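Engineer: Here it is, the structure in full.
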Amino acid sequence: MLAKLSVDQALMKAKSHAKKGEVVQAEELYQGILNKFSQNRRAQQGLADLNKIRHLDTVQDPPQQQANQLINLYKAGKFSLVVEQAQVLTKQYPKTFIFWNILGASTLQLGLLDEAITVFKKAISIKPNDAEAYSNLGNAFRLKGKFSESIDACKKALKLNPNNIHANFNMANTLKDLDKFDEAIKAYEKVIFINPDYYLAYNNMGNALKDSGKLDDAILAYKKAISLKPNYYVAYYNMGNVLESQEKFDQAIIAYDNAISINSNYAGSYTNKGNILKDQGKFDQATKAYKKALSLEPDHFNINLYMALVLQDQGKVEEAIDLFRKSISLNPNFVDTYLYLSLTLLQSGQIKAGLEEYEWRHKTEKGLSRQRYFQQPLWDGQVSLENKKLLLWCEQGIGDTMNWSSCLPLLTSRAKHVILECQEKLVPLLSRSFPNVEIRAEDRSSDAKREDFDLHLPMGSLYKHFIDEIIENDMAESYLVPDPKRVQFWKDRLSSVGKGPYIGLCWKSSDKSAYRLQHYPPICDWSPVLKIPDVTFINLQYTDYEDDIVKVQDEFGVTIHNFEDIDQYGDVDEVAALC
């Protein structure tokens, strides 16, 4: 180091280390100077002063009672009091390792990460061969998000003591935070080998197993943690999360209830339980769970948002709107909340306000994935479309595209030419229905280079721009035109399977998420409909219908007629003719 510093610089740096109590570093600099300039008086004096400090350290050992008092306060969780007393004792006994180490541990518990890092470094300067101090430093670095520094500190601790349980545990936690799950799991296994009763290692290993997709193994790890510490609510909570992800909802609720029975003041257990109940359509129970969570954390963004959503599901739209707005005030950067607000405003009849907020859909994760990027500007609804070519593009499912296409005549009366790009299977039906519009299958391959239009608009913005005219026109007219020849074909064919009236049935979605499932009762619950006399039922279900049709026949003696030569999912034009 001396080769890089002048003698004066080295002396100044050594003096600085000495003032900070960093005796080892100061001694190295002074000794380096004397190795080259043995008569340097300032270096000699510096070493002499360091020896005095060391002598004072040996004669000023603190009473053991004071150390024990700090340790007892720390064990009692009185971290602020420990910090207050330890700061006094570190000034009185600046070279006493235990005071610095417990001061660092307490500042860490209080979340004062920068202070903890500084204090642990001081402790290490006093006792550079202490593995526990390096382990503590590694943990502080991890919580600070400085994972590389955390790994280095843990490695130093393990070099000093390979079986230091805390160093191994902190190393495992850091590896998990780095998404190195396999390495983390091995590190947790080493911790468990050192101490088979270390329940925290089983719990955290469960988290690593969960994140690596080994869900059954994760549950086993949580159960082991609970067997070692039956009142460890965190393991129950984590197990509930895994069971919920496995769609084992009843078991997940039991796990959350166990967590609540141990710690009734943890909002997360109520919140996640509420989420399951909400998705099951048990809105009153979900509301009760969310209310309890909010009583514990009234300004928690997610809980307010979930409560707003369940109120919306219950039709309590004004209460939901208030909570959505509160959620936005708590976290204005979560754009999905604006979209939820828009739908609830629409539900409450506040149409114009709802359509304005609906523009936020483009900034959601799903909206960004659907977004298209052109050189030409977005039509704002104000610029005249006279002599302009407008590209209209679909952005959601075929149901939305067909719904929004009702506005096409409002565009063709204003623009020189309208192009609609939609799902390919809608092209025949929409081309026939809107002969004044150029209907094309969606093609995103050359969006940035296209020159065949002047302005563009996503279909979901049509209502916003034409809402006044839509409201004024209260005499709705049909606008989709199926092939008349196919209509006649299906009329004749329907008469061959039975007498009318003919009732088309479609009873579930291809989306089988918990949220969707609550809106689609199983086919056996359709008994009141299926028992209506003197009607003929026709299958319009487009996916996963074979077993249900057989079940209806077996349980109710009712036939749902299915035409196997029609593709209910892909051939939309033919389905339109059948309808």
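The values are calculated or read from the model by the stated rules, or taken from the named source; none is laboratory data. Everything numeric here is computed off the predicted structure, so don't read it as measured data. Heads up, the Cβs are rebuilt from the backbone with ideal geometry, glycines too, and the neighbour counts pull from every protein chain shown. Heavy atoms of the whole protein, side chains included, go into the accessibility calculation; ligands, DNA and RNA do not. Shrake-Rupley method; radii C 1.70, N 1.55, O 1.52, S 1.80 Å.
Engineer: Looking only at segment 267-288, which residues are farther than 19 Å from Arg516 by Cβ and either at pLDDT below 95 or over 19 Å from the mean Cα position of the chain (by Cα) (or both)? Walk me through it before giving the result.
Structural biologist: Let us first name the residues in segment 267-288 that are farther than 19 Å from Arg516 by Cβ, namely 267-273, 284-285, 287-288.
Correct list: Asp284, Gln285, Thr287, Lys288.
Engineer: Ok, one more. Give just the number: which of (1) in contact with a Lys or Arg (Cβ under 6 Å, 6 or more places away or on another chain); (2) among the hydrophobic types (A, V, I, L, M, F, W, C); (3) under 26 Å from Asp114 (Cβ atoms) does Ala208 not satisfy?
Structural biologist: Status for Ala208: all satisfied but (3).
Engineer: Looking only at segment 548-568, count every residue that is loosely packed, with under 12 Cβ neighbours inside 10 Å, in a loop (DSSP other than H, G, I, E, B) and of a type outside the set (Gly, Ala, Ser) and tell me the total.
Structural biologist: Matching residues across segment 548-568 total 2.
Engineer: Right, another one. For segment 72-82, does any single residue satisfy the condition of being open to solvent by 70 Å² or more (accessible area, probe 1.4 Å), part of a loop (DSSP other than H, G, I, E, B), modelled with pLDDT of 90 or more and not basic (Lys, Arg)?
Structural biologist: There is no residue in segment 72-82 that is open to solvent by 70 Å² or more (accessible area, probe 1.4 Å), part of a loop (DSSP other than H, G, I, E, B), modelled with pLDDT of 90 or more and not basic (Lys, Arg).
Engineer: Could you list all residues from segment 170-185 that are touching a helix residue (DSSP H, G or I) at 6+ places or on another chain (Cβ under 8 Å) and either farther than 14 Å from Asn136 by Cβ or open to solvent by 20 Å² or more (accessible area, probe 1.4 Å) (or both)? Spell out how you get there, then give the answer.
Structural biologist: Applying the first criterion (touching a helix residue (DSSP H, G or I) at 6+ places or on another chain (Cβ under 8 Å)) to segment 170-185 yields 170-179, 181, 183-185.
Met171, Ala172, Leu175, Lys176, Asp177, Leu178, Asp179, Phe181, Glu183, Ala184, Ile185 - these are the residues of segment 170-185 that are touching a helix residue (DSSP H, G or I) at 6+ places or on another chain (Cβ under 8 Å) and either farther than 14 Å from Asn136 by Cβ or open to solvent by 20 Å² or more (accessible area, probe 1.4 Å) (or both).
Engineer: Could you look through segment 475-487, keep only residues that are over 43 Å from the mean Cα position of the chain (by Cα) and open to solvent by 70 Å² or more (accessible area, probe 1.4 Å), and pick out the one that is nearest to Asp573 (Cα to Cα)?
Structural biologist: Arg486
Engineer: Filter segment 398-427 for residues that are open to solvent by 60 Å² or more (accessible area, probe 1.4 Å) and part of a helix (DSSP H, G or I); which is nearest to Lys485 (Cα to Cα)?
Structural biologist: Glu424
Engineer: Go through (1) of a type outside the set (Phe, Trp, Tyr); (2) out of contact with any helix residue (DSSP H, G or I) (no Cβ under 9 Å at 6 or more places or on another chain); (3) open to solvent by less than 70 Å² (accessible area, probe 1.4 Å); (4) part of a helix (DSSP H, G or I) for Gln376 and report which single condition fails.
Structural biologist: Among (1) of a type outside the set (Phe, Trp, Tyr); (2) out of contact with any helix residue (DSSP H, G or I) (no Cβ under 9 Å at 6 or more places or on another chain); (3) open to solvent by less than 70 Å² (accessible area, probe 1.4 Å); (4) part of a helix (DSSP H, G or I), the lone unmet condition for Gln376 is (4).
Engineer: Could you tell me how many of the residues in segment 94-107 are open to solvent by 30 Å² or more (accessible area, probe 1.4 Å) and more than 13 Å from Ser125 (Cβ to Cβ)?
Structural biologist: Total meeting the criteria: 1.
Engineer: Then there is this: Among the residues of segment 123-135, which ones are free of Cβ contacts under 8 Å to residues at least 40 places away in the same chain, open to solvent by less than 30 Å² (accessible area, probe 1.4 Å) and polar (S, T, N, Q)? It would help to see each step written out before you state the result.
Structural biologist: Here is the first cut: in segment 123-135, the residues free of Cβ contacts under 8 Å to residues at least 40 places away in the same chain are 123-124, 127, 129-135.
Next cut, open to solvent by less than 30 Å² (accessible area, probe 1.4 Å) only: 123-124, 130-131, 133, 135.
Result: Ser135, single match.
Engineer: Let me ask something else. Exactly one of (1) open to solvent by less than 40 Å² (accessible area, probe 1.4 Å); (2) in contact with an Asp or Glu (Cβ under 7 Å, 6 or more places away or on another chain); (3) of a type outside the set (Asp, Glu) is unmet by Leu228. Its number?
Structural biologist: (1)
Engineer: Since Glu115 meets every condition but one in (1) in a helix (DSSP H, G or I); (2) among the charged types (D, E, K, R); (3) under 17 Å from Leu70 (Cα atoms), which condition does it not meet?
Structural biologist: (3)
Engineer: Further, regarding this structure: Considering only segment 129-141, I want to know if a residue exists there that is closer than 25 Å to Gln65 by Cα and among the aromatic types (Phe, Trp, Tyr).
Structural biologist: No - not one qualifying residue is present in segment 129-141.
Engineer: Let me ask something else. Is there a residue in segment 232-239 that is closer than 20 Å to Asp182 by Cβ, of a type in the set (A, V, I, L, M) and buried (at least 23 other Cβ atoms within 10 Å of the Cβ)? Walk me through how you get there before you give the answer.
Structural biologist: To start, the set of residues in segment 232-239 that are closer than 20 Å to Asp182 by Cβ comprises 238.
Within this subset, residues satisfying the condition of being of a type in the set (A, V, I, L, M) are none.
No: zero hits.
Engineer: Let me ask something additional. Output the qualifying pairs, or none if there are none: Cβ atoms under 6 angstrom, residues six or more apart or on different chains, first residue in segment 369-393 and within 15 Å of Asp443 (Cβ to Cβ) and among the aliphatic types (A, V, I, L, M), second residue open to solvent by less than 40 Å² (accessible area, probe 1.4 Å) and in a strand (DSSP E or B).
Structural biologist: What qualifies is Leu391/Ile419; Leu391/His456; Leu392/Leu420; Leu392/Leu457.
Engineer: Taking the condition free of Cβ contacts under 8 Å to residues at least 24 places away in the same chain, touching a helix residue (DSSP H, G or I) at 6+ places or on another chain (Cβ under 7 Å) and closer than 30 Å to Ala353 by Cβ, does Glu297 pass?
Structural biologist: Values: free of Cβ contacts under 8 Å to residues at least 24 places away in the same chain: no; touching a helix residue (DSSP H, G or I) at 6+ places or on another chain (Cβ under 7 Å): yes; closer than 30 Å to Ala353 by Cβ: yes.
Taking the combined requirement at face value, the residue does not satisfy it.
Engineer: Quick one: which residue in Tyr569, Tyr515 is at pLDDT 90 or above and of a type in the set (Phe, Trp, Tyr)? So that I can check it myself, show each step before the final result.
Structural biologist: Numbers: Tyr515 fails: at pLDDT 90 or above.
Unique residue meeting the criteria: Tyr569.
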